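The structure under discussion appears below in the form of structure tokens.
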Amino acid sequence: MTTGAPRMRHYKDYYSIHAQSYDELRFDSDHEVSSTVEWLLDHLEWTTESVVAEVGAGTCRYISEIELNRPGRYVAVDLNIDQLRHRPSGFLPATCGTALQLPIAAGSLAAYLAIMMIHQVPRPDVPALLLEAHRVLTPGGVLFVKTSSSWDLERRPLIPFFPSTRAVNEKRYHSITDLTETLTECGFTSEVTYRETRDLYQTSEYLKRVKGRGNTMLSFVADTEFEEGYARLVAALEGQDTYELLHHHTYILARKIRS
Ligand SMILES: C[S@@+](CC[C@H](N)C(=O)[O-])C[C@H]1O[C@@H](n2cnc3c(N)ncnc32)[C@H](O)[C@@H]1O
């Protein structure tokens with residue numbers, strides 16, 4: 001018998017199958033979303049008339065919270081229609097589309113948000129994604145990227161239990177130096193910030209998210225490795241009512257400098 005959710009082989013399957021329960025499964029809790037949004041609103045400015053897009057918005061957790069906290073004109077784009085269908089009711093225009101060819105007019109966005117999305121775009125396509133971001137931004141407009149550096153990835157607490165996730169993540173996450181150099185080539189300046197944030201989970205809730213393979217990293221783990229690692233994790237957390245999850249992320253603020 002297999003423990004937890006089935007193993008997925010492709011992002012598209014993962015996001016469609018988990019769309020309904022995605023928000024309950026993810027390791028970035030409401031607190032993590034609010035903390036990112038607060039940082040963003042402190043560091044970026046736009047007016048009520050500005051257009052802001054989240055590309056790779058998923059179920060729109062981040063952009064819907066931004067919309068609640070600052071007036072503006074918002075749009076969400078994602079490759080996966082099932083994810084967008086589960087966005088909060090009444091929330092903003094959402095369009096199915098790819099970051100490589102956006103259904104957005106040139107020079108129209110004050111800000112473009114790419115939150116835990118860019119690692120899912122293969123490295124050879126990253127320049128095309130950045131040039132497309134450059135096309136849709138106004139001069140001086142900002143591209144915000146939330147991602148994980150190799151340093152951040154090394155600190156993911158589930159690596160000792162599911163060791164194959166290390167190589168999967170090293171392969172798919174782009175190096176920060178590479179991203180900033182490519183940003184420069186594509187007409188942006190960039191500033192990099194490292195952040196550590198904390199989530200306090202009930203242990204049972206944390207285990208439930210692990211068992212449901214609450215991120216794509218876990219979806220790639222073979223069933224036998226998963227069952228064995230999950231049993232070790234349950235044993236390691238035995239007797240603990242709560243579990244403090246440390247998140248390590250890297251934020252890039254990139255500004256369009258020429259048209
Ligand atoms: C880890 S989820 C993040 C969702 C959302 N930003 C959040 O943090 O809750 C990554 C999302 O990026 C989307 N995605 C991946 N590649 C994409 C692309 N080339 N264009 C648009 N969306 C993409 C996936 O469908 C998925 O919904």
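Determine, yes or no, whether Thr95 is within 16 Å of the ligand (Cβ to nearest atom), in contact (Cβ under 8 Å) with a residue 12 or more places away in the chain and not acidic (Asp, Glu). So Thr95 fits the description; yes. Annotation: of all residues in region 61-79 being assigned to a strand (DSSP E or B) and within 13 Å of the ligand (Cβ to nearest atom), the one that is farthest from Leu109 (Cα to Cα) is Asp78. With respect to the stated conditions, Tyr194 fails to be away from the ligand (no atom under 16 Å from the Cβ), over 16 Å from His249 (Cα atoms), surrounded by fewer than 20 Cβ atoms within 10 Å (Cβ to Cβ) and aromatic (Phe, Trp, Tyr). Here is the figure for region 10-53: residues that are of a type in the set (A, V, I, L, M), within 21 Å of Thr95 (Cα to Cα) and in contact with a helix residue (DSSP H, G or I) (Cβ under 6 Å, 6 or more places away or on another chain) total 1.
Select from region 8-24 the residues that are crowded, with 18+ Cβ neighbours inside 10 Å and within 11 Å of the ligand (Cβ to nearest atom) and write down the one among them that is nearest to Phe220 (Cα to Cα). Taking the candidates together, the pick is Tyr14. Candidates in region 111-121 are the residues that are touching a residue at least 40 places away in the same chain (Cβ under 8 Å) and within 11 Å of the ligand (Cβ to nearest atom); of these, the one that is surrounded by the fewest Cβ atoms within 10 Å (Cβ to Cβ) is Gln120.
Looking only at region 237-259, which residues are acidic (Asp, Glu) and either under 21 Å from Met117 (Cβ atoms) or within 25 Å of the chain's Cα centre (by Cα) (or both)?
The one that is acidic (Asp, Glu) and either under 21 Å from Met117 (Cβ atoms) or within 25 Å of the chain's Cα centre (by Cα) (or both): Glu244.
Every read-out reported here was derived from the displayed coordinates using simple, explicitly stated rules and does not represent laboratory data. Note that the coordinates shown come from a computational prediction; the quantities given were computed from them, not determined experimentally. We place every Cβ from the backbone using ideal geometry, glycine too, and count neighbours over all the protein chains shown.
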